[in-house]
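The structure appears below as structure tokens.
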Amino acid sequence: MEESDKLLDEFLNYLTVEKGLSKNTLEAYNRDIIKYLSFLKDVSPLNANPSHIVSFLSKLKENGISVRSYTPTANIDMPKLAVRLPEALSIDEVGRLIEAPKTEDNLGLRDKAMLETLYATGMRVSELVSIKLNDLNLQTGYIAAYGKGSKERIVPLGENAISCIRKYLDSSRPMLLKHRKSEYLFVTSRSKRLTRQAFWALIKRYALLAGISKNKVKPHALRHSFATHLLERGADLRAIQTMLGHADISTTQIYTHVKTDTLRAIHKKSHPRG
């Protein structure tokens, strides 16, 4: 696969899994970007500079297409999108990743609590770092997440995540705040909430410590693993859709391929003529 095709594939997967965009919108993005890549010819999109973009927009204008309303989908017949399944971590890899932080350290306990929460709920990283204390109810074992358009959904936490969050709240968080206040659950030593970029750096470091291939560790690896592992164990697709916050069930259905692949592997291994 050429570099531009690989980049387009990854971007469309991101829009599908994380943004939950509709099929028609994805096809529109696909057609628009392919037209742009075709214009670039041998120039990698990673090496494109502002002059390339200006030239492309100028070409559109010359062809009578308004840049503001640019929709080059009308006259381009493209094949249907083939959405590639996001790679999930194995259960063993998830366990090693979560156990990687040193919990005798204040930041380490915070980081483990974040990883436990992420895997327990399937939240997006942006939702995780935005959790406020008021969103948390450890008594009932639920947490509120706010996705696209600030739409609220209530997700169960699970015993491991609850236990780890309690320990973090009782010991690490007060030490990190040092008598200062914050409305956010997960904080830095400067009383600020953690950024998505900072958490991404953390998860890469812990993956390295856990001996997990860097190619498998993406910002939403635990979100994909959450959905994959639930489905493999018989969870209802609609329930997974609700917990992930997908507006359209078709977005969640990409995970059904995991179950099919798992069954095929079991059949091949176990059947006398597999």
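Evaluate segment 146-157: report whether one residue or more is aromatic (Phe, Trp, Tyr) and buried (at least 17 other Cβ atoms within 10 Å of the Cβ). Write out each step before concluding.
To start, the set of residues in segment 146-157 that are aromatic (Phe, Trp, Tyr) comprises 146.
If we keep only those that are buried (at least 17 other Cβ atoms within 10 Å of the Cβ) too, we end up with 146.
Yes - at least one qualifying residue is present in segment 146-157.
In segment 98-109, how many residues are within 19 Å of Ala221 (Cβ to Cβ) and either outside any loop (DSSP other than H, G, I, E, B) or in contact with a strand residue (DSSP E or B) (Cβ under 9 Å, 6 or more places away or on another chain) (or both)? Working first, answer last.
Step one: list which residues in segment 98-109 are within 19 Å of Ala221 (Cβ to Cβ), which gives 98-101.
Going one step further and asking which of them are either outside any loop (DSSP other than H, G, I, E, B) or in contact with a strand residue (DSSP E or B) (Cβ under 9 Å, 6 or more places away or on another chain) (or both), we end up with 98-99.
Residues flagged as within 19 Å of Ala221 (Cβ to Cβ) and either outside any loop (DSSP other than H, G, I, E, B) or in contact with a strand residue (DSSP E or B) (Cβ under 9 Å, 6 or more places away or on another chain) (or both) within segment 98-109 amount to 2.
Give the residue, chosen from Leu208, Leu222, that is under 16 Å from the mean Cα position of the chain (by Cα), assigned to a helix (DSSP H, G or I) and under 21 Å from Ala113 (Cβ atoms). Steps first, please.
Numbers: Leu208 fails: under 16 Å from the mean Cα position of the chain (by Cα).
Result of the check over Leu208, Leu222: Leu222.
Do we have any residue at all in segment 131-145 that's in the same structural domain as Pro101 (by TED's automatic domain parsing), surrounded by fewer than 21 Cβ atoms within 10 Å (Cβ to Cβ), under 16 Å from the mean Cα position of the chain (by Cα) and within 27 Å of Glu93 (Cα to Cα)?
Filtering segment 131-145 for residues in the same structural domain as Pro101 (by TED's automatic domain parsing) gives 131-145.
Imposing the further condition that a residue be surrounded by fewer than 21 Cβ atoms within 10 Å (Cβ to Cβ) reduces the set to 132-142, 144.
Going one step further and asking which of them are under 16 Å from the mean Cα position of the chain (by Cα), we end up with none.
The answer is no; no qualifying residue exists.
Looking at (1) closer than 27 Å to Ile154 by Cα; (2) touching a residue at least 60 places away in the same chain (Cβ under 8 Å); (3) in contact with a helix residue (DSSP H, G or I) (Cβ under 6 Å, 6 or more places away or on another chain), which one does Ile203 not meet, given that it meets all the others?
Ile203 satisfies all of (1) closer than 27 Å to Ile154 by Cα; (2) touching a residue at least 60 places away in the same chain (Cβ under 8 Å); (3) in contact with a helix residue (DSSP H, G or I) (Cβ under 6 Å, 6 or more places away or on another chain) except (3).
Hey, among the residues in segment 139-161 that are among the aliphatic types (A, V, I, L, M) and in contact with an Asp or Glu (Cβ under 9 Å, 6 or more places away or on another chain), which one's nearest to Asp105 (Cα to Cα)? I'd like the intermediate steps shown before the answer.
Residues of segment 139-161 that are among the aliphatic types (A, V, I, L, M), as a first pass: 143-145, 154-155, 157, 161.
Right, trim to in contact with an Asp or Glu (Cβ under 9 Å, 6 or more places away or on another chain) and you get 143-145, 157, 161.
Values: Ile143: 25, Ala144: 27, Ala145: 27, Leu157: 23, Ala161: 18 Å.
My answer is Ala161.
Name the single residue, out of those in segment 115-130 being in contact with a Lys or Arg (Cβ under 8 Å, 6 or more places away or on another chain) and surrounded by 18 or more Cβ atoms within 10 Å (Cβ to Cβ), that is farthest from Val94 (Cα to Cα). Break it down stepwise before answering.
First, the residues of segment 115-130 that are in contact with a Lys or Arg (Cβ under 8 Å, 6 or more places away or on another chain): 118, 122-126, 129-130.
When the remaining residues are screened for being surrounded by 18 or more Cβ atoms within 10 Å (Cβ to Cβ), the result is 118, 122-125, 129-130.
Numbers: Leu118: 11, Gly122: 13, Met123: 15, Arg124: 16, Val125: 16, Val129: 19, Ser130: 22 Å.
It comes out as Ser130.
The values are calculated or read from the model by the stated rules, or taken from the named source; none is laboratory data. Predicted model, so just to flag it, every value in this text is computed and none were measured. Counting neighbours? That spans all protein chains shown, and the Cβs are built from the backbone with ideal geometry, glycine included.
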